[in-house]
Amino acid sequence: MAKKLDDKLIKRLEAIANECRRINATGNYGHGGGTASMQDIAVALYFYKMKHDPKNPDWPERDRLVLGKSHAAGALYAPLALAGYFDKEKLVPLYGGNKILADGWMTPFQMHAEKWATPGIDYTGGSLGQGLGFACGLAYGAILKAPKPLINLYGNPRPDPGYKVYCIIGDGELSEGWNWESAMFAAKYKLSNLVGILDYNRYNMSEDMSSYMEPIVEKWKAFGWWTTEIDGHNMRDICSALDLADNVSGAPKMIIAHTIKGKGVPDWEAVRNHSGNAPKEPIDTVIPPIPIPPED
Amino acid sequence: MVTIKKEIGQPDPLAPAIWTPWIEAAKTDNSIVVVSADSAGRNITQELRETLFKDRFIASGIQEANAALISGGLADQGLKVIWPDMGWLFERAYNAVTQTITTEHYHVMMVGSGGGALAGGAGPSHNNLRDLAVMLPVPNLIVLAPADAVEAGKMSEFALKYNGPIYLRTMAMSPTIFENDYQFNLGDAPTVRDGADVTIIGMQEWVLKGILAANSLAAQGIQARVLDCSSVKPIGKEAIIKAARETGAIVTAESTNIHGGMGSAVAGVVGENYPVPLKRIALHDQYLHSGGGKLVEAYYHQTVDDLVAAVKETVQRKK
């Protein structure tokens, strides 16, 4: 059932994203900058848009989330924990080194998000530029498996697969040519159940890429994708764009989310690189807690 | 011992034997899909596309990496994927294979053509000399290399049922040596000819060449055993150790580069378990000129006579 996008819900999503940033900032994790830049998007997906069930991570009818920039795994682990996929306490081994917990879990959190390891993760990544192609395969497979009779994918109408595939890609990995192979494929087969979200924080590990990423919107349009641009840290913007994408048929969709590397963690935001050393100040000073309002 | 044909005839194509089990199964099993990076049209005809596969023929265009990526995604959805391409082109998709297909053990059968490096011979860019070296170290991946159409067909049937990733290195044509009742066993190196003085471990066209060499050697008083190392990974460890123990000398033969091929894998098994004199026939770190046939075979020292000479030299090294 669709959730009502009102002020109360926006406040709740913002509070969840804040808590996720607190979890990741204390983790001393290697890719803090890119984790923080996509955090709001991930929270909007898990707590507003996506159809999923923490009690049944392998539910076949769930929406999928493919993370191309899998090094930002913490941006998924934290919301998955808060959603109830696993205890928040279990996130500790990711940052604290390998440990076997009392109930037998041994670091289920890989440094790069991996499906086999962690409930709720839909793609095993690490090497960049591959998530979008995998997501294309998922989206195509979802249509093939749709319960309605098959209709030639070149034509309309087409079967409704009943679930969608979301794919978060990083702008750094967009330099990998494979993305553009996948972009052509998705447009050829009009994979409208595929929604890409570009975490456009402009920085890879060594430079500001905007000079050669631009014109980014025109690139995706030229490849046959429906596109829109949003502020990737404005929760209402993110949710609205995700809703808007639902109403577009006949093409894959790319939401260009303008983001800030390290967003919400002052030390990280100041340098805008990939690093993510834990702030020296107490976390409650750096990122004050915001109580998470209960869901209606 | 497996039975081999008494009369070896003209070369037969391997592709129909590989495709038939999947095409037959696709008639009742909707989960079978073909991924074509402009590479399956020769075997899946326009008619088959229109009448049978329809949307289950997925044409990515010439993009091997994305073909690997979508194969992973399709298999994640429970579909059984067959993706053929030229063997050397999997190098282009290699990192996509190792991350997006094999880590999650997806049901994808990759068919790499152009094995049997001396056949075809479209020049250095098209030499399929490195595929074993790159595919053998990939965890979760089974690597197979059939010696003829019968064996290729049995391997394809196996791949259809095996719920995981397989790389099958095939070749265009080869005379059929196995009878139709041949049974493929994963992880076995079947004996195609028995002998007690030395063992020839052949792969692909070198199984037949091994038989021919053994016949020639028998006339000279050397009884050579011949194994078919078609299950390259997992490798037929037991048969190889047994051969080392019983015959005391081993010669491997394959049409790939000597670095990282089947011979290296055999040498590892022999060296660790029962060291005996060993020699490897392969290509020696070189690109092959365009062309094919006997002349090129001779130029690169890949003839039956070269194998015979290598066997004799190795037998002399026995203590």
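The values are calculated or read from the model by the stated rules, or taken from the named source; none is laboratory data. Note that the structure is predicted; figures quoted are calculated from it, not measured. All Cβ positions, even for glycine, are placed from backbone atoms using ideal geometry, and neighbour counts span all protein chains on display. The accessibility values were calculated without ligands, DNA or RNA, using every heavy atom of the protein model including side chains. Shrake-Rupley method; radii C 1.70, N 1.55, O 1.52, S 1.80 Å.
Any idea how many residues of segment B:75-97 are open to solvent by 40 Å² or more (accessible area, probe 1.4 Å) and facing chain A (nearest Cβ under 9 Å)?
Going through segment B:75-97 one residue at a time, the tally reaches 2.
From the set of residues in segment B:262-302 that are free of Cβ contacts under 8 Å to residues at least 60 places away in the same chain and β-branched (Val, Ile, Thr), which is farthest from B:Thr199 (Cα to Cα)?
B:Val269
How about segment A:1-87: which helices (runs of 4 or more DSSP H) wholly inside it have at least 2 residues that are within 23 Å of A:Lys280 (Cα to Cα)?
A:7-25, A:32-37, A:74-83
Evaluate the following for B:Ile18: is it under 30 Å from A:Gly126 (Cβ atoms) and under 20 Å from the mean Cα position of the chain (by Cα)?
Judged against the criteria, B:Ile18 is not a match.
Condition test on B:Val134, is it more than 27 Å from B:Glu24 (Cβ to Cβ) and not assigned by TED's automatic domain parsing to the domain that holds B:Val296?
yes
Just to check your reading of the model, which residue among A:Pro159, A:Pro93, A:Pro108, A:Pro119 is open to solvent by less than 10 Å² (accessible area, probe 1.4 Å), within 25 Å of A:Gln39 (Cβ to Cβ) and modelled with pLDDT under 95?
None of the other options fit; the residue is A:Pro93.
Scan B:Val111, B:Val150 and give me the residue that is touching a Ser or Thr at 6+ places or on another chain (Cβ under 7 Å), farther than 22 Å from B:Val35 by Cβ and more than 14 Å from chain A (Cβ to nearest Cβ).
Exactly one residue qualifies, and that residue is B:Val150.
Could you grab me the full set of residues in segment B:175-191 that are surrounded by fewer than 24 Cβ atoms within 10 Å (Cβ to Cβ) and not in a loop (DSSP other than H, G, I, E, B)?
B:Pro175, B:Thr191
Taking segment B:37-74, which residues are open to solvent by less than 10 Å² (accessible area, probe 1.4 Å), within 12 Å of another protein chain (Cβ to nearest Cβ) and of a type in the set (Gly, Ala, Ser)?
B:Ala37, B:Ala65, B:Ala67, B:Ala68, B:Ser71, B:Gly72, B:Gly73
So, A:Leu191, is that one open to solvent by less than 10 Å² (accessible area, probe 1.4 Å) and modelled with pLDDT of 90 or more or not?
The answer is yes for A:Leu191.
Name the residues in segment A:209-218 that are more than 19 Å from A:Ser192 (Cβ to Cβ) and open to solvent by less than 70 Å² (accessible area, probe 1.4 Å), would you?
Those that are more than 19 Å from A:Ser192 (Cβ to Cβ) and open to solvent by less than 70 Å² (accessible area, probe 1.4 Å): A:Met209, A:Ser210, A:Met213, A:Pro215, A:Ile216.
When segment B:131-161 is examined, which residues are found to be surrounded by fewer than 19 Cβ atoms within 10 Å (Cβ to Cβ), part of a loop (DSSP other than H, G, I, E, B) and either modelled with pLDDT under 95 or in contact with a helix residue (DSSP H, G or I) (Cβ under 7 Å, 6 or more places away or on another chain) (or both)?
If the condition is that a residue be surrounded by fewer than 19 Cβ atoms within 10 Å (Cβ to Cβ), part of a loop (DSSP other than H, G, I, E, B) and either modelled with pLDDT under 95 or in contact with a helix residue (DSSP H, G or I) (Cβ under 7 Å, 6 or more places away or on another chain) (or both), then B:Leu136, B:Val138 are the ones that fit.
Within segment B:26-98, which strands (runs of 3 or more DSSP E) (wholly inside it) include 1 or more residues that are basic (Lys, Arg) and under 22 Å from the mean Cα position of the chain (by Cα)?
It comes to B:80-86.
Given the conditions (1) open to solvent by less than 40 Å² (accessible area, probe 1.4 Å); (2) part of a loop (DSSP other than H, G, I, E, B), report the number of the one that A:Ile255 does not fulfil.
(2)
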